[in-house]
Amino acid sequence: MQAGTAVSPGTNTKYNLTDLQHLYWIGHQLRPFATHFNNAFSFTFRSSLCPDWFAQAFGTAVCEFDALRTIFFEEQGVPQQCVLPSASVELAIVDLTDEPDPVAAAEQWQAVRVQRPF
């Protein structure tokens with residue numbers, strides 16, 4: 001299989017990385033604790049949110065989108081990828097509504113969290 005070949009969904013088959021994935025992999029090998037590729041997103045809900053329903057919806061998204069089930073690993077020195085047929089995700093719920101300034105507390109939490117190596 002050539003680099004750049006699309007990955008079949010949920011087959012548990014190993015594939016070579018695309019050219020761009022390979023560049024990211026090399027960068028990670030050179031600087032494994034760098035966080036410059038981490039992304040953080042925040043969403044504001046204008047009504048109350050049921051954490052259990054949100055977790056269920058997120059789990060459904062993981063099942064539906066291959067990119068959220070793709071794992072990367074090295075086999076005999078060669079980086080590989082595989083789309084898992086299924087994956088369970090555990091969400092950490094962080095409730096900052098009791099903070100004096102919940103928005104500032106959320107921004108601070110996000111700034112710290114995005115600096116953790118993935």
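The values are calculated or read from the model by the stated rules, or taken from the named source; none is laboratory data. Worth saying up front: this structure is predicted, and the values here are computed from it rather than measured. Quick reminder, even Gly has a Cβ in these numbers, built from the backbone with ideal geometry, and neighbours come from all protein chains shown.
State whether the residues of region 37-50 include one that is in contact with a helix residue (DSSP H, G or I) (Cβ under 9 Å, 6 or more places away or on another chain), among the hydroxyl-bearing types (S, T, Y), free of Cβ contacts under 8 Å to residues at least 12 places away in the same chain and loosely packed, with under 10 Cβ neighbours inside 10 Å. Scanning region 37-50, I find at least one residue that is in contact with a helix residue (DSSP H, G or I) (Cβ under 9 Å, 6 or more places away or on another chain), among the hydroxyl-bearing types (S, T, Y), free of Cβ contacts under 8 Å to residues at least 12 places away in the same chain and loosely packed, with under 10 Cβ neighbours inside 10 Å, so the answer is yes. I need the full set of residues from region 59-83 which are surrounded by fewer than 13 Cβ atoms within 10 Å (Cβ to Cβ) and free of Cβ contacts under 8 Å to residues at least 40 places away in the same chain, in order please. Selection gives T60, A61, E64, F65, A67, I71, F73, E74, Q76, G77.
Filtering region 84-106 to residues that are part of a helix (DSSP H, G or I) and in contact (Cβ under 8 Å) with a residue 12 or more places away in the chain leaves only A106. Of the candidates A87, A105, the single residue that is modelled with pLDDT under 90 and either surrounded by 14 or more Cβ atoms within 10 Å (Cβ to Cβ) or in contact with a helix residue (DSSP H, G or I) (Cβ under 7 Å, 6 or more places away or on another chain) (or both) is A87. Among the conditions (1) loosely packed, with under 11 Cβ neighbours inside 10 Å; (2) among the hydroxyl-bearing types (S, T, Y); (3) assigned to a helix (DSSP H, G or I), the only one that Y24 does not satisfy is (1).
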